[in-house]
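Structure, as structure tokens:
The values are calculated or read from the model by the stated rules, or taken from the named source; none is laboratory data. Owing to the predicted nature of the structure, the values given are computational and were not obtained by experimental measurement. All Cβ positions, glycine included, derive from the backbone under ideal geometry; neighbour counts span all protein chains shown.
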Amino acid sequence: MSAAYCRMAPTHPVHAAYHDREYGFPSRDEGVLFERLLLEINQAGLSWLTILNKRAAFRAAYADFSVDRVAGFTTDDLDRLLADPGIVRNRLKIEAGIANARRIIELRQTSGSFAGWLDQHHPRSLEAWTRLFRQTFRFTGGQIVNEFLISLGYLPGAHEPDCPVFTRIAELAPPWLGGLE
């Protein structure tokens, strides 16, 4: 997103809630982290508005973003997702979502949680994050990784300093502001 997002989103009927209550706010909740990763992957090549408009359908299709349930998806679930007109029906993105859920379960064993894994690797540059994500997850290029990390407060840039939301987020000590030190 860009500085223009802070000017446009607060009055937009769809973007406003995401801008004001989610974008850039730190979270340790595995469901939130998985949702954001899944949505960022599905946004590739599309607008964020398209993804926000499909968010409820994604939630229903991907078991309320339950990592454990998605990790257990079968080929029948893959076929169901490929036929669901409410979501992005891209086989590579769907397969990545399922594979990434399984990978998050593995991260629990080595890092305690997805958030723990992120914390273990913070801070690092976007380039280093991108390399790490590409080694760990599927369908995670630079733009996807960048937006994922910005959206969860691991990298700065979600809001302009003069945006009222910036101050609210800063009070939560997001990782980019030294929240993990």
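When region 49-60 is examined, which residues are found to be assigned to a helix (DSSP H, G or I) and crowded, with 19+ Cβ neighbours inside 10 Å?
Within region 49-60, ILE51, PHE58 qualify.
Go through the residues of region 40-47 one by one and say whether even a single one is modelled with pLDDT of 95 or more, surrounded by fewer than 18 Cβ atoms within 10 Å (Cβ to Cβ) and part of a helix (DSSP H, G or I).
no
Can you report the number of residues in region 90-125 which are free of Cβ contacts under 8 Å to residues at least 40 places away in the same chain, surrounded by 14 or more Cβ atoms within 10 Å (Cβ to Cβ) and over 22 Å from ASP68 (Cβ atoms)?
2
Name every residue in region 73-117 that is basic (Lys, Arg) and part of a helix (DSSP H, G or I), in order of residue number.
If the condition is that a residue be basic (Lys, Arg) and part of a helix (DSSP H, G or I), then ARG80, ARG91, LYS93, ARG102, ARG103, ARG108 are the ones that fit.
Would you point out the residue of region 4-39, among those that are small (Gly, Ala, Ser) and in a helix (DSSP H, G or I), that is surrounded by the fewest Cβ atoms within 10 Å (Cβ to Cβ)?
Per the stated criteria, the residue is ALA4.
Does GLY153 qualify as being small (Gly, Ala, Ser), surrounded by fewer than 16 Cβ atoms within 10 Å (Cβ to Cβ) and modelled with pLDDT of 95 or more?
Values: small (Gly, Ala, Ser): yes; surrounded by fewer than 16 Cβ atoms within 10 Å (Cβ to Cβ): no; modelled with pLDDT of 95 or more: yes.
Judged against the criteria, GLY153 is not a match.
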